[in-house]
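The values are calculated or read from the model by the stated rules, or taken from the named source; none is laboratory data. Note that the coordinates shown come from a computational prediction; the quantities given were computed from them, not determined experimentally. We place every Cβ from the backbone using ideal geometry, glycine too, and count neighbours over all the protein chains shown. Heavy atoms of the whole protein, side chains included, go into the accessibility calculation; ligands, DNA and RNA do not. Shrake-Rupley method; radii C 1.70, N 1.55, O 1.52, S 1.80 Å.
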Amino acid sequence: MAMAATSLASMLILTVFCCYSFFTTSHAASDEFPQCLSASILGQLVYAQSSPSFTSVLLSSIRNPRFSTPATVRPLWIITPTNASHVQAAVVCGRRHGVRLRVRSGGHDYEGLSYSSKRPEVFAVVDLSNLRGVRIDKQNSTAWVDSGATLGELYYAVAQASNQLAFPAGLCPTIGVGGHLSGGGFGTLLRKYGLAVDNVLDALLVDARGRLLDRDAMGPDVFWAIRGGGGESFGVVLSWQVRLVPVPPTVTAFRIPVTVDEGAVDAVTRWQEVAPALPDDLFIRVLLQNQTATFEALYLGTCDALLPVMRCRFRELGMTMNRTHCQEMTWIQSVPYFYLGSGATVEDILNRTTAAGTYTKMTSDYVRQAIRRDAWESIFAGWLARPDAGIMILDPYGAAISGVPEPATPFPHRAGVLYNIQYVNLWFAGGDGGGAAQMKWVRDLYAFMEPYASSSPREAYFNYRDLDLGANVVVGNVSSYEAGKVWGEKYFRDNYKRLALAKNEIDPDDFFRNEQSIPPLGPGK
């Protein structure tokens, strides 16, 4: 097994750690924690706030400047491990000296919870960016990928091994694998191969006792929980074994903008029913901005095979579609096409940085019944026409993602879901009102959409985390299960309780926690 040697070495290291006490002390002295770390981790891998490099290391993976202001509660230390034993030492020392850990892989957390806190707290960040290896097993169509790798690095490594293998995950190549896989993960292959977590075969987890556990050692409930329930609630997932999926040597992409004057309202209204029912080889999403609906598609086949499908199944778009709209390419070339545009190269997806200075606010919805045409007219004429308007991104479900039973993974948004909506607004430093108008647009549009979205509960996607949906309440130094229902059932529906039971199994003291981490729930409660 690919991880056998790593596991053996780490288990030997673990025997040293097992003599330590795993109970948190009542203080978090600024000296004891780094002194404890120094016994196992080189000093240059640990940054205190007093370090000259602390700020640059902290900012290196902050994707949203909203969470790097003077008012942000920052970590007291950043640990940049290069192997499993460093993470184990961080956990052991954190438990011993009252320092909680937050875990950052790519830094895309929509609320910045992987590297900041919304309340005063003594904590350190374990930054996994040095743990970014990708090991491809072409013969078995699998890979081991470390949590600190980006999706772009994973995709690139897969394509280097074979142009007829892929991995079904998100569109943004700068996203860290660790956070993305632990929350679900979907992209252009979702209708053919489902979620990223539907294709996870094994994982290596450092738990709250500092143990390094694979799938068998962590047990079925915890392995179930980390595949969609947020890995940071249960420990530190260091790496994942994933199933690679076949793709043809030629795929076809297109991007077609349709304005309101050209029939955007009718096209979007029709898209709601067509897109989830198309053949599973065809994915068509819609970006709504200003007075334009832009239809973006990936088809696992040639343009000649795609055109008849479009003209038959989606006449509202197919009537104007012809071969000039098609862009034939390899699957790996489709990654920069969707994220960066037609002029980007495959090597561009290896860039781990994003544009600086772009502030964002985002949230999400799920739609189970098609929205009426008159509502879309109101959305275009009112909400999208405002000077402070943002973007709505509509991703179709159906086929493979909807064919998996709801309890199979923590991610519950399966059968019956037509599509997901992501509401996005952006602004820049120095903008009027500091983004107040843009954030209000997101919140007000979300309120407007309530009659059209799923209900009881109104569902949301965990990887599009939003603290407006609710936050944990800590009672007796443990997050409250009942208070967590407010947000937890939106993300996980009936799977929320099972996640809390798994949390109690692996981390009953709630060492790994943040404002939307899974609370522990004892059996029989």
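Scanning the stretch 46-56 for residues that are surrounded by fewer than 16 Cβ atoms within 10 Å (Cβ to Cβ) and assigned to a helix (DSSP H, G or I) yields a count of 2. If I ask for residues that are in a helix (DSSP H, G or I) and open to solvent by less than 70 Å² (accessible area, probe 1.4 Å), which ones from the stretch 467-488 would you list? Selection gives 467, 469, 481, 483, 484, 485, 487, 488.
For the stretch 222-253: of the residues being open to solvent by 30 Å² or more (accessible area, probe 1.4 Å) and in contact with a helix residue (DSSP H, G or I) (Cβ under 6 Å, 6 or more places away or on another chain), which is farthest from residue 136 (Cα to Cα)?
Taking the candidates together, the pick is 227.
With respect to residue 261, determine if the residue is open to solvent by 20 Å² or more (accessible area, probe 1.4 Å) and either in contact with a helix residue (DSSP H, G or I) (Cβ under 7 Å, 6 or more places away or on another chain) or of a type in the set (A, V, I, L, M) (or both). Here the answer is no, as residue 261 does not meet what is asked. Within the stretch 200-221, can one find any residue that is among the small types (Gly, Ala, Ser), crowded, with 22+ Cβ neighbours inside 10 Å and part of a helix (DSSP H, G or I)? No, that holds for no residue. Screening the stretch 116-161 for residues that are closer than 24 Å to residue 339 by Cα, of a type in the set (Gly, Ala, Ser) and open to solvent by 20 Å² or more (accessible area, probe 1.4 Å) and picking the one that is nearest to the chain's Cα centre (by Cα) gives 129. Looking only at residues that are assigned to a strand (DSSP E or B) and buried (at least 20 other Cβ atoms within 10 Å of the Cβ) in the stretch 425-460, which one is modelled with the lowest pLDDT? So the residue we want is 427.
Close contacts from the stretch 328-351, counting a first residue that is aliphatic (A, V, I, L, M) and a second that is open to solvent by less than 60 Å² (accessible area, probe 1.4 Å) and assigned to a loop (DSSP other than H, G, I, E, B), with Cβ to Cβ under 7 Å and a gap of 6+ residues or different chains, come to 335/173; 349/173.
Checking residue 371 against (1) farther than 30 Å from residue 149 by Cβ; (2) part of a helix (DSSP H, G or I); (3) hydrophobic (A, V, I, L, M, F, W, C); (4) modelled with pLDDT of 95 or more, which single condition isn't satisfied? Single failed check for residue 371: (2). Among the residues making up the stretch 73-115, those that are over 14 Å from residue 131 (Cα atoms), β-branched (Val, Ile, Thr) and buried (at least 22 other Cβ atoms within 10 Å of the Cβ) are 78, 91, 92, 99. Of all the numbered requirements in (1) out of contact with any Asp or Glu (no Cβ under 7 Å at 6 or more places or on another chain); (2) farther than 23 Å from residue 95 by Cβ; (3) surrounded by fewer than 23 Cβ atoms within 10 Å (Cβ to Cβ), residue 491 misses one, and that requirement is (3). For the stretch 318-357, a tally of residues being more than 25 Å from the chain's Cα centre (by Cα), buried (at least 16 other Cβ atoms within 10 Å of the Cβ) and over 17 Å from residue 298 (Cβ atoms) returns 0. Quick check on the stretch 379-395. Is at least one of its residues without any contact (Cβ under 8 Å) to a residue 24 or more places away in the chain and farther than 17 Å from residue 266 by Cβ? Checked the stretch 379-395: at least one residue is without any contact (Cβ under 8 Å) to a residue 24 or more places away in the chain and farther than 17 Å from residue 266 by Cβ. Which of the strands (runs of 3 or more DSSP E) contained wholly in the stretch 72-156 include at least 3 residues that are of a type in the set (A, V, I, L, M, F, W, C)? Here the list reads 77-79, 123-127, 142-146.
Among strands (runs of 3 or more DSSP E) entirely within the stretch 240-302, having at least 1 residues that are aromatic (Phe, Trp, Tyr), closer than 22 Å to residue 180 by Cα and in contact with a Lys or Arg (Cβ under 6 Å, 6 or more places away or on another chain) singles out 282-289. Looking only at the stretch 175-199, residues that are touching a strand residue (DSSP E or B) at 6+ places or on another chain (Cβ under 6 Å) and assigned to a loop (DSSP other than H, G, I, E, B) come to 1 in all. Filtering the stretch 452-493 to residues that are without any contact (Cβ under 8 Å) to a residue 60 or more places away in the chain and of a type in the set (A, V, I, L, M) leaves 473, 474, 475, 478, 483, 486. For the stretch 494-525, filtering for residues that are outside any helix (DSSP H, G or I), buried (at least 21 other Cβ atoms within 10 Å of the Cβ) and free of Cβ contacts under 8 Å to residues at least 40 places away in the same chain leaves 1. Summed over the stretch 391-409, the residues that are aliphatic (A, V, I, L, M), assigned to a loop (DSSP other than H, G, I, E, B) and surrounded by fewer than 20 Cβ atoms within 10 Å (Cβ to Cβ) give a count of 1. Against the test of being within 25 Å of residue 174 (Cβ to Cβ), in contact with a Leu (Cβ under 9 Å, 6 or more places away or on another chain), part of a helix (DSSP H, G or I) and among the aromatic types (Phe, Trp, Tyr), the options 359, 339 yield a single qualifying residue, 339.
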